Amino acid sequence: MNQWQNFSKGFFKENAVFVMLLGMCPTLAITNSAINGLGMGLATTFVLVMSNLSISLIKDLIPAKVRIPTFIVVIASFVTVVDLVMAGYAPALHEQLGIFIPLIVVNCVVLGRAEAFASKNTVVSSIIDGAGMGLGFAMALTLLGAVRELLGNLSLFGFKFIEADGILVFILAPGAFIALGFMIALVNRITKKV
Amino acid sequence: MAKKESTFTNMFLTLLIVTVVSSLAASGVYNLTKVPIAEVARMKQQKAIEQVMPPFDTYSMQTVMPASGKDSLLLFKGTTGEETVGVAVNTYSYEGYSGLIKLMVGFTPDGTIHNIVVLEQKETPGLGTKMTTKWKDQFIGKNLKDFNCTVTKDGGQVDAITAATVSSRAFCDAVNRAYETYQSTNTPQNQ
């Protein structure tokens, strides 16, 4: 597998949200607007790249029995960094994403890549894998956020098209499931699996 | 993969080193971001005070314990020269649909509500969150002396947000608390 495939698999073939259905908690909870989806996606991308980088560097020094606690500590540190930096320099976004930034720690995508990829591959491959997976996750969250914001609030990235109320259910939790379901169906149709 | 063996010493040392390095990194970033985070909180409060009061030159801060509720409130008294132009009260309610709601309520000296800003809320998106929109304009210019600040369902004069009566009640609760506290500091015997 060359590095381009390594990068691009995160977008379609192994997309965390549409194909692997990992990290559903942030996916469903914060995507009520496109900007929230993008912010969460980019925060996760940063954590993924940094944790993949560190873990692939120290992979030979970690005894197998304590690898998971070690990964979690590494991931949690980077999440703390993101949380503090966001609170200081992007307060509006930090307020919106709220509790879900600390929860990146338990996002299965991050731990999954650390365990399945970074602990078995070189540093460069791991960084590329993290960037691809993270940006794929960000893309999925932004798309889902855009669809929900458009239907639920008749706006996109905070820009209001029509001064009226949208279909409220799309802003609420059930709308997340409905929108995500249709988007997964669409992705499956395009990739000719159905 | 040439992994280290999982002996007790190896595992102990690895975890120790990893946690120490991680904590050092986290505390370093905490120290770097401490100033901007405090600045953000201060700016937010400053902006809210300016929004809810008529224009003023300086303000002084006062901590007051409300008659009802368990936390103290912050009162900001805005003055121009010798004259008090208004008081902003940082009030709260725990009765929200998802807990805590924090408001900044501004009163003119005669007790009329000048403006209200929502500082913090975790209400249901699309329903209770409407309290941050023009819905709260119905409070502007009202004096709680002759305005029953409870929702119409409870016999008051406030039009609740559709499908968010609980959030509306909490909002009224916070406004009432602000008014009571403002009144208690404004009576002659306390001055």
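The values are calculated or read from the model by the stated rules, or taken from the named source; none is laboratory data. This is a predicted model, so every value here is computed, not measured. Using ideal geometry, Cβ is built from the backbone for each residue, glycine included, and neighbour counts are taken over all protein chains shown. When the accessible area is computed, the model is the full protein with side chains, heavy atoms only, and any ligands, DNA or RNA have been set aside. Shrake-Rupley method; radii C 1.70, N 1.55, O 1.52, S 1.80 Å.
Listed conditions (1) at pLDDT below 90; (2) crowded, with 18+ Cβ neighbours inside 10 Å; (3) not charged (D, E, K, R) are all met by A:Val147, apart from (1). Can you name every residue in the range B:86-110 that is outside any strand (DSSP E or B) and surrounded by fewer than 16 Cβ atoms within 10 Å (Cβ to Cβ)? Scanning the range B:86-110 gives B:Ser98, B:Pro109, B:Asp110. Among the residues of the range A:18-33 satisfying the criterion of being within 14 Å of chain B (Cβ to nearest Cβ) and not in a loop (DSSP other than H, G, I, E, B), which is least open to solvent (accessible area, probe 1.4 Å)? Filtering the range A:18-33 for residues that are within 14 Å of chain B (Cβ to nearest Cβ) and not in a loop (DSSP other than H, G, I, E, B), the one least open to solvent (accessible area, probe 1.4 Å) comes out as A:Ile30. Tell me, please, whether a residue that is among the acidic types (Asp, Glu) and within 10 Å of another protein chain (Cβ to nearest Cβ) can be found in the range B:46-64. Checking the range B:46-64: not a single residue is among the acidic types (Asp, Glu) and within 10 Å of another protein chain (Cβ to nearest Cβ). Of all the residues in the range A:59-96, those that are farther than 21 Å from A:Asn107 by Cα and more than 7 Å from chain B (Cβ to nearest Cβ) number 2. Taking the criterion of being more than 12 Å from every other protein chain (Cβ to nearest Cβ), within 18 Å of the chain's Cα centre (by Cα) and more than 19 Å from A:Gly10 (Cα to Cα), would at least one residue in the range A:140-155 satisfy it? Yes, because at least one residue in the range A:140-155 is more than 12 Å from every other protein chain (Cβ to nearest Cβ), within 18 Å of the chain's Cα centre (by Cα) and more than 19 Å from A:Gly10 (Cα to Cα). Scanning the range A:121-136 finds no residues that are open to solvent by less than 20 Å² (accessible area, probe 1.4 Å), in contact with a Leu (Cβ under 6 Å, 6 or more places away or on another chain), free of Cβ contacts under 8 Å to residues at least 60 places away in the same chain and under 20 Å from B:Ala25 (Cβ atoms).
Among residues belonging to the range A:150-194 that are at positive phi and without any contact (Cβ under 8 Å) to a residue 24 or more places away in the chain, point out the one that is most open to solvent (accessible area, probe 1.4 Å). Out of the qualifying residues, it is A:Lys192.
The listed residues are B:Lys130, B:Lys136, and the only one of them that is basic (Lys, Arg), open to solvent by 50 Å² or more (accessible area, probe 1.4 Å) and in a helix (DSSP H, G or I) turns out to be B:Lys130.
Residues in the range B:13-53 that are modelled with pLDDT of 90 or more, of a type outside the set (A, V, I, L, M), over 30 Å from B:Lys77 (Cα atoms) and surrounded by 12 or more Cβ atoms within 10 Å (Cβ to Cβ): B:Thr19, B:Ser22, B:Ser23, B:Tyr30, B:Thr33. Note on the range B:38-58: residues that are in contact with a helix residue (DSSP H, G or I) (Cβ under 9 Å, 6 or more places away or on another chain), of a type outside the set (A, V, I, L, M, F, W, C) and within 18 Å of B:Gly111 (Cβ to Cβ) total 0.
Per-residue answers, yes or no, for (1) open to solvent by 70 Å² or more (accessible area, probe 1.4 Å); (2) assigned to a loop (DSSP other than H, G, I, E, B):
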| position | (1), (2) |
| --- | --- |
| B:Tyr59 | yes, no |
| B:Phe76 | no, no |
| B:Thr84 | no, no |
| B:Lys122 | yes, yes |
| B:Pro125 | no, yes |
| B:Gly141 | no, yes |
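Taking first residues from the range B:116-136 that are touching a residue at least 24 places away in the same chain (Cβ under 8 Å) and at the interface with chain A (Cβ under 10 Å from one of its Cβ atoms) and partners that are surrounded by fewer than 20 Cβ atoms within 10 Å (Cβ to Cβ) and among the polar types (S, T, N, Q), the Cβ contacts under 6 Å between residues at least 6 apart in sequence or on separate chains come to B:Lys122/B:Ser98.
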